[in-house]
1. Restricting attention to strands (runs of 3 or more DSSP E) lying wholly within the range 55-168, give those where 1 or more residues are under 14 Å from the mean Cα position of the chain (by Cα).
2. Go through the range 90-128 and give me each residue that's in contact with a helix residue (DSSP H, G or I) (Cβ under 6 Å, 6 or more places away or on another chain), farther than 27 Å from Arg244 by Cβ and surrounded by 13 or more Cβ atoms within 10 Å (Cβ to Cβ).
3. Among the listed residues Ser187, Ser224, identify the single one that is crowded, with 17+ Cβ neighbours inside 10 Å, in contact (Cβ under 8 Å) with a residue 12 or more places away in the chain, hydroxyl-bearing (Ser, Thr, Tyr) and within 18 Å of Glu150 (Cα to Cα).
4. Read through the list (1) in contact (Cβ under 8 Å) with a residue 40 or more places away in the chain; (2) farther than 22 Å from Val210 by Cβ, then give the number of the only condition that Gly111 fails.
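Taken together, the values in this text are just the output of simple stated rules run on the coordinates, not laboratory data. Here the structure is a predicted model, which means the values were calculated and not measured. Using ideal geometry, Cβ is built from the backbone for each residue, glycine included, and neighbour counts are taken over all protein chains shown.
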Amino acid sequence: MTEQAATILRSIPAAHPALSTPVAPVHDKPLLSFDGIWRYWGRGKNRWAVLRDVELQVAAGSATRVSGRNGAGKTTLLRIATGILAPDRGSVTIGDLTAAKNWREYHRRIGFLSAGDRGLYARVSVRGHLDYWARLAFVRRAERGQAVAEALERFGLTELATRRTDRLSQGQRQRLRLALALVHRPSVLLLDEPCNSLDADGVQTLAAAVGGVLARGGAVVWCSPAGEGQAFSFDQTFVIEDGRLIPA
């Protein structure tokens with residue numbers, strides 16, 4: 001992240017990033033819950049626990065930050081939350097929903113920004129990506145065009161709508177990936193190293209997007225290496241060490 005981008009982040013009001021409206025009330029019941037999550041990698045004698053008995057509750061209208069070194073288990077935690085990866089033990093719920101029993105509705109509520117360029121196809125246009133992603137998120141056909149148009153405008157992609165993704169800069173691709181995560185207006189936003197490749201304007205757009213999710217009563221989980229995202233204000237912060245989630 002650039003020094004200019006970090007300066008913009010520090011200027012954001014302390015309560016939550018870039019909020020122009022009050023945050024929705026935080027309810028007693030968590031919107032997103034990780035209950036006793038264990039996940040192992042490897043086999044036999046080479047088997048180890050990347051996540052150990054992880055407990056985490058994220059309330060509606062709140063943001064949580066999880067940091068840790070590379071390989072600590074941050075991405076694994078988010079992939080389990082999306083339902084892409086199953087835990088070996090434990091469960092994740094959004095309200096009363098689980099990915100195993102309520103896949104369609106659970107998936108509709110999740111917005112996921114993965115690290116790197118995962119999910120982008122070189123020869124598909126920006127608009128094509130957004131339309132395809134809106135379909136995957138079960139956006140109604142009658143509402144899809146408007147949802148795509150709003151995402152293009154919100155993330156500064158309107159003039160790039162017909163451009164193939166292999167002709168975008170790194171920062172433009174990151175904006176597109178943010179737009180994909182939010183095109184269906186999810187109630188839970190999962191972010192894996194979201195500041196990667198963003199310039200100052202891009203960071204400001206990210207801050208506004210996070211603020212918008214919180215303002216409508218959603219929940220945000222932001223995962224990043226130690227140091228990134230510290231200028232944002234979070235309701236709770238944790239670090240993953242030896243597979244365990246520890247309050248920071």
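1. Values: elements: 62-67, 89-94, 110-113.
Answer list for the range 55-168: 62-67, 110-113.
2. Selection gives Leu120, Val126.
3. On the way: Ser224 fails: within 18 Å of Glu150 (Cα to Cα).
After ruling out the rest, the residue left standing is Ser187.
4. (2)
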